[in-house]
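Contents: one structure, followed by commentary.
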Amino acid sequence: MTTVCDCSGIGILLVDGDLLFRQALADNLRFDGHEVVECASAHDAIPAIRSAPCAALVTEYVVPGANGVYLADRFRSLRSGPTVVVTAQVTGTVAADVGARHYVHLLSKPLEYQRLHDLLHRLVEDLEDR
Amino acid sequence: MTTSSSARLVALQAARFEAILKTARDGIISIDPDGVITLFNHAAEEIFGYRAAEVEGASISMLMPEPYRSEHDSYIRRYRETGEARAIGRIRKVEGRRRSGETFPLELSVSEVQVGGETLYTAVIRDVSGRERDEAELERLRRLSLQRQRLADIGALTAKIVHDLANPLAALSMVGQGILRRVERSPDMAIETVRPQAERLVATAVRLDALLGEFKDFARVQRLEFQNVEVGSLLQTLEDFWRPEAERQHIVLDVCKPAEEILLRADPERLHRVFDNLVKNSLEAIDRGPGRVAVHAELLPDDRVRLEFSDSGPGVPAGVDVFALFETTKPTGTGLGLPICRQIIAAHGGDIAVAGGESGGAVFQVDLPVHGPSLA
């Protein structure tokens with residue numbers, strides 16, 4: 001049986017242009033007790049990065065108006081929380097773009113929710129240990 | 001006129017005539033009423049491979065392959081008896097026979113003159129084998145180019161399938177995991193609690209199905225079932241189908257059928273798909289009336305039919321190639337509709353193009369050959 005995440009309750013900014021995937025992932029995150037702010041584009045996400053009460057960013061790499069790494073950089077400039085790029089397009093370019101930033105973590109779609117859950121859990125724990 | 005000046009004039013005319021015969025690019029052959037060759041110019045020598053001296057005095061039928069050769073005498077006889085001419089005064093495409101025995105296509109025009117009570121027939125002959133070869137080569141290159149375009153399209157399509165299917169699949173998986181996690185955590189929960197997830201599963205499956213349908217349509221080689229269809233009747237069906245939707249959107253649908261009956265060699269089902277797509281796009285572009293969608297058909301002089309679909313919508317944005325794969329101006333469009341239309345029209349031997357209307361909006365022109373695609 002899946003246990004409730006120890007980091008439950010942290011706010012997550014979720015950016016993905018695909019409505020059905022975003023809703024389904026948000027549903028799972030909320031089921032684990034997270035507050036989730038959903039954005040469909042960079043246009044919506046950039047103000048949310050500034051103002052929404054989110055401690056972690058989960059974003060697609062391909063985002064209308066920008067890319068996930070750009071959003072991760074913006075997020076990183078304001079907060080120290082975990083940033084995870086979840087994408088259907090794991091190409092060499094994407095891997096290199098993400099790999100160049102030690103603070104961005106890459107997961108591929110279809111996403112096994114438990115992997116995201118475990119990754120967020122570990123990253124939050126690491127932050128708390130510092 | 002003095003004797004010497006008239007002799008000079010005759011000599012001058014003869015010289016002119018000789019120069020024309022020598023320099024003409026077309027073969028010029030004269031025969032008498034019995035079909036005996038009396039004149040064979042330089043171009044005719046080049047075309048047929050005979051010297052003038054070899055053929056002058058012989059029957060013109062030696063330059064014809066069967067069955068024209070055997071039929072020629074009876075043709076001359078019938079013409080003498082009835083005056084019914086097949087070749088005189090018009091350009092005909094027939095076959096000639098070279099010295100080597102090779103047959104070749106030629107265009108032939110024959111004139112008849114009476115000189116001092118004697119009838120003389122003169123044929124101007126143009127060897128069109130080179131032109132036919134060029135046309136066949138052009139057609140081969142056109143087909144090759146279409147094949148290459150198709151291969152490139154299939155490559156782009158494959159990449160698009162991988163991309164577009166990945167997201168709905170990821171969504172399906174995520175919804176399924178959500179249901180499973182709920183069931184695992186609360187095995188006795190009421191089934192009603194997973195209704196939103198189940199609805200998302202169904203919505204995602206519908207989206208996947210629509211995507212696959214579009215891909216399948218595009219990837220399918222356009223095998224057409226040709227029949228004779230009447231343009232007015234095609235447009236009537238189009239109007240009957242779309243008028244209710246246009247009225248619902250407060251848009252005037254103005255379908256102007258051609259005054260005369262135009263029979264078109266086409267696959268009506270596929271053409272309907274194209275016409276439906278164009279009208280649907282126009283209605284969607286206007287969204288809500290007042291507005292106007294017009295369809296107009298006319299017969300062009302070169303045995304082609306032009307169908308014009310115009311609307312009062314916002315038009316096609318500059319720099320957008322609406323026929324390019326996956327190019328779409330609609331938020332939920334797949335970018336396959338108009339490429340499929342282009343494919344269907346090309347398979348009919350026609351063209352489709354878009355332009356801006358004089359007062360805004362978009363104008364799509366579909367040109368179709370009345371007799372169907374060339375079989376060359």
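The values are calculated or read from the model by the stated rules, or taken from the named source; none is laboratory data. Since this is a predicted model, take the numbers as computed values, not measurements. Counting neighbours? That spans all protein chains shown, and the Cβs are built from the backbone with ideal geometry, glycine included.
Name every residue in the stretch A:94-119 that is among the β-branched types (Val, Ile, Thr) and within 14 Å of another protein chain (Cβ to nearest Cβ), in order of residue number.
If the condition is that a residue be among the β-branched types (Val, Ile, Thr) and within 14 Å of another protein chain (Cβ to nearest Cβ), then A:Val94 is the only one that fits.
For A:Leu111, indicate whether it is in contact with a helix residue (DSSP H, G or I) (Cβ under 7 Å, 6 or more places away or on another chain) and surrounded by 15 or more Cβ atoms within 10 Å (Cβ to Cβ). Even if it seems obvious, please write down each step before you answer.
Numbers: in contact with a helix residue (DSSP H, G or I) (Cβ under 7 Å, 6 or more places away or on another chain): yes; surrounded by 15 or more Cβ atoms within 10 Å (Cβ to Cβ): yes.
Here the answer is yes, as A:Leu111 does meet what is asked.
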Is the stretch B:220-230 home to any residue that is more than 10 Å from chain A (Cβ to nearest Cβ), of a type in the set (S, T, N, Q) and assigned to a helix (DSSP H, G or I)? no
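Of the residues B:Glu132, B:Glu71, only one is surrounded by 13 or more Cβ atoms within 10 Å (Cβ to Cβ), in contact with a strand residue (DSSP E or B) (Cβ under 6 Å, 6 or more places away or on another chain) and of a type in the set (Asp, Glu); which?
Values: B:Glu71 fails: in contact with a strand residue (DSSP E or B) (Cβ under 6 Å, 6 or more places away or on another chain).
Only one candidate passes the filter, namely B:Glu132.
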Take the conditions over 20 Å from the mean Cα position of the chain (by Cα), of a type in the set (A, V, I, L, M, F, W, C), at pLDDT 85 or above and surrounded by 15 or more Cβ atoms within 10 Å (Cβ to Cβ) and apply them to B:Ala346. Does it pass? no
Identify, from the list B:Gln177, B:Gln227, B:Gln149, B:Gln249, the residue that is farther than 30 Å from B:Ser312 by Cβ, in contact (Cβ under 8 Å) with a residue 40 or more places away in the chain and not aromatic (Phe, Trp, Tyr). B:Gln227
Are any residues in the stretch A:74-86 modelled with pLDDT of 90 or more and surrounded by 15 or more Cβ atoms within 10 Å (Cβ to Cβ), and if so, which ones? A:Arg74, A:Phe75, A:Arg76, A:Pro82, A:Thr83, A:Val84, A:Val85, A:Val86
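For the structure I just gave you, tell me whether A:Pro47 is surrounded by fewer than 19 Cβ atoms within 10 Å (Cβ to Cβ) and in a loop (DSSP other than H, G, I, E, B). Please lay out each step first, then the result.
Working: surrounded by fewer than 19 Cβ atoms within 10 Å (Cβ to Cβ): yes; in a loop (DSSP other than H, G, I, E, B): no.
Here the answer is no, as A:Pro47 does not meet what is asked.
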With criteria (1) among the hydroxyl-bearing types (Ser, Thr, Tyr); (2) surrounded by 15 or more Cβ atoms within 10 Å (Cβ to Cβ); (3) at pLDDT below 90, B:Ser310 comes up short on (3)
